[in-house]
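Reviewing the structure listed below.
Throughout, read-outs are computed from the coordinates displayed, never taken from laboratory work. Remember, predicted model here, so these are calculated numbers, not experimental data. We place every Cβ from the backbone using ideal geometry, glycine too, and count neighbours over all the protein chains shown.
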Ligand SMILES: *Cc1c(COP(=O)(O)O)cnc(C)c1O
């Protein structure tokens, strides 16, 4: 990710990273450095004012009532699943063509990930295949808005309503993406973001967020991120055990004040230590202001590639369906001869990513589980398996220069055109 990306003209071979984090830092250096220094001076290190303000600002940006920050995107998924009451023995439907953390979070709460194959054009879970995967044990559907293209939430929510299932969006790759005018993260009962350095909105380490319009879920998530303790823990305990809450003092008390608050030694749930760091929150508040600009740049890079690459035989470009606002977290193409194309790009100094080389049902950890292997053998997810052999990603990050993207397009044109 953060490979040294200075353009080296010595051998007249450019070096272009898949994502050059130094450019974004250099552009915002003063603002970011000041924000971090201020946190150091204020010493409100845990759940301080930056965390609270960032939660409000992010909720407003996404268009939801509540945003609960956590330590990373994986924890966001685990905590959201627990808040929904997902437990051992339950099944959760999800995509096999995603980062491992999606299914890992389901396994982490003891539930069983049920894979449903993806659509060949959007790479997202195929709603037409969901119903046949529902069993008596199914409790939730976890679509991923992969590479920044939202899943088809109208179709998914409709099925969920019919079978009384929760929908939890894995929005780790889709901060700033939209579906029918609404932001990713506001399209389902609950949604989870990651602020890992490679994501659309990125901090300087790990970070994550849960978004929802459901007040009760937001309280349970707040309790779970901090050892199930204090006022949030007590309230979450009552909600989970259907105990009337008589005290109406449930104002905006998210100020856990976790360092010196005696309430932290009263525990009501088995939770986590999973808070967003105050320094990361300060950094994210700076960067959130620029997120729309970053996405504009990603989209303009994608548009450029589309115009340059659309007529190349053997190359399939990423699709953006009508009504979807693709954020191009990754620009993922397909090639009939991935190995050759990737080699050509790498030889020319262009970094390439492969997302994802192994669909999740074929990961060792799942093929070595007899139940999983039986239910999802090789061949059971033909589209995901096909894509895993064909897809690759080229640089599309916001700070990519015009001469760089044209250089990348040239290489791709030359590598395929003639020999097909
Ligand atoms: C990055 C990512 C996650 C996990 O986020 P972390 O912050 O790295 O824990 C989960 N799901 C998807 C689809 C991701 O891309």
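Some observations on this one:
- Antiparallel bridges, percent of DSSP beta bridges restricted to the chain (to nearest 5): 60
- Residue 56 paired with residue 40, simple spin-label distance in nm, labels 7 Å along Cα-to-beta-carbon: 2.7
- Ascending count of other beta-carbon atoms within 10 Å, so fewest first, for 266, 356, 305: 266, 356, 305
- Per-residue extension of 0.36 nm, minus the Cα-Cα distance of residue 386 and residue 213, leaves a gain of 58.6 nm for this segment.
- Structure remark: mean-square fluctuation, Gaussian network model of the chain, C-alpha springs under 10 Å; the largest value among 226, 95, 194 belongs to 226.
- Within the stretch 74-97, backbone nitrogen closer than 20 Å to the virtual label 7 Å beyond the Cα of residue 374 toward Cβ: 88-94
- GNM top mover of 120, 88, 357 - the chain, alpha-carbon springs below 10 Å: 88
- Sites residue 154 and residue 367 - FRET efficiency at Förster radius 35 Å, r taken between beta-carbons, to 0.05: 0.55
- Alpha-carbon centroid distance for the pair the stretch 312-348 / the stretch 149-217, whole angstrom: 24
- Residue 121-residue 237 FRET efficiency (beta carbon distance; Förster radius 56 Å; 0.05 resolution): 0.80
- Within the chain, helix-based [θ] at 222 nm, where runs of 4 or more DSSP H residues each add -39,500 (n - 2.57), nearest 500: -11500 deg cm²/dmol
- In Å, descending, principal axis extents of the Cα set of the stretch 93-228: 40, 34, 28
- Shape category assigned to the chain from the gyration tensor of Cα positions, a/c cut at 1.5: oblate
- Whether the stretch 60-121 is rounded, prolate or oblate, judged on the alpha carbon gyration tensor where a/c under 1.5 counts as rounded: oblate
- The stretch 322-381: C-alpha gyration tensor shape, a/c 1.5 cut-off, then a/b vs b/c: oblate
- Of 199, 222, 389, the sequence from fewest to most neighbouring Cβ atoms within 10 angstrom is 389, 199, 222.
- Springs join every pair of Cα atoms under 10 Å in this Gaussian network model of the chain, and among 371, 336, 20 the largest mean-square fluctuation is at 371.
- Antiparallel DSSP beta bridges within the stretch 81-169, as percent of all bridges there, nearest 5: 10
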